[in-house]
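Trainee: Below you will find the structure I want to go over with you.
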Amino acid sequence: MIIVFKKDAKNEEIDNLISAIKEIAMEELHHAEELAERILELGGTPVLMWDDVNITANCKYPTSLPNEKDLKGIAKLIRDDERCAIEGYDKMM
């Protein structure tokens, strides 16, 4: 999941959250690329349209995002999304 929000004020808490989100986004992109490559290796076709991904995904894209200044809300959204992903991986094992 990638969340985009603007940075209005210089604040260490905001800077830390932005760094964490960037790191998570890069990891997620890497995982998506690996998954797409593996799907192609197995003769399948990766889902490319976001709406289609949301239809078939275990973890749905949120219908509403927290206010950009709600750091706790943003952190909770990321935490919940990661928990959902882990639960999905556990079910596959």
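The values are calculated or read from the model by the stated rules, or taken from the named source; none is laboratory data. Since the structure is predicted, the reported quantities are computational estimates derived from the model, not experimental observations. Cβ: placed from backbone, ideal geometry, glycine included. Neighbour counts: every protein chain shown. The protein model used for the area step is the full one, side chains on, heavy atoms only, and it has no ligands, DNA or RNA in it. Shrake-Rupley method; radii C 1.70, N 1.55, O 1.52, S 1.80 Å.
Trainee: Scan the range 28-55 residue by residue and report those that are closer than 17 Å to residue 92 by Cβ, open to solvent by 100 Å² or more (accessible area, probe 1.4 Å) and not in a loop (DSSP other than H, G, I, E, B).
Mentor: Passing the criteria: 35, 38.
Trainee: How about the range 37-62: which of its residues are touching a residue at least 24 places away in the same chain (Cβ under 8 Å) and polar (S, T, N, Q)?
Mentor: Within the range 37-62, just 58 meets the criteria.
Trainee: Find all pairs meeting these conditions: Cβ atoms under 9 angstrom apart; at least six residues apart or on different chains; first residue within the range 22-36 and more than 14 Å from residue 47 (Cβ to Cβ); second residue outside any helix (DSSP H, G or I) and open to solvent by 100 Å² or more (accessible area, probe 1.4 Å).
Mentor: That search, which allows pairs on different chains as well, returns 24/2; 25/2; 28/2; 29/2.
Trainee: Hey, could you check the range 56-93 for residues that are among the hydroxyl-bearing types (Ser, Thr, Tyr) and under 30 Å from residue 16 (Cβ atoms) and say which is most open to solvent (accessible area, probe 1.4 Å)? Quick ask: steps written out before the conclusion?
Mentor: Our first condition is that a residue be among the hydroxyl-bearing types (Ser, Thr, Tyr); within the range 56-93, this holds for 56, 61, 63-64, 89.
Filter again for under 30 Å from residue 16 (Cβ atoms), leaving 61, 63-64, 89.
Details: 61: 84, 63: 147, 64: 84, 89: 122 Å².
Looking at the filtered set, the residue picked out is 63.
Trainee: I'm trying to understand the selection: among the residues of the range 63-80, which are in a loop (DSSP other than H, G, I, E, B) and in contact (Cβ under 8 Å) with a residue 60 or more places away in the chain?
Mentor: Of the residues in the range 63-80, the ones in a loop (DSSP other than H, G, I, E, B) are 63-70.
Across the range 63-80, the qualifying residues are 65, 68, 69.
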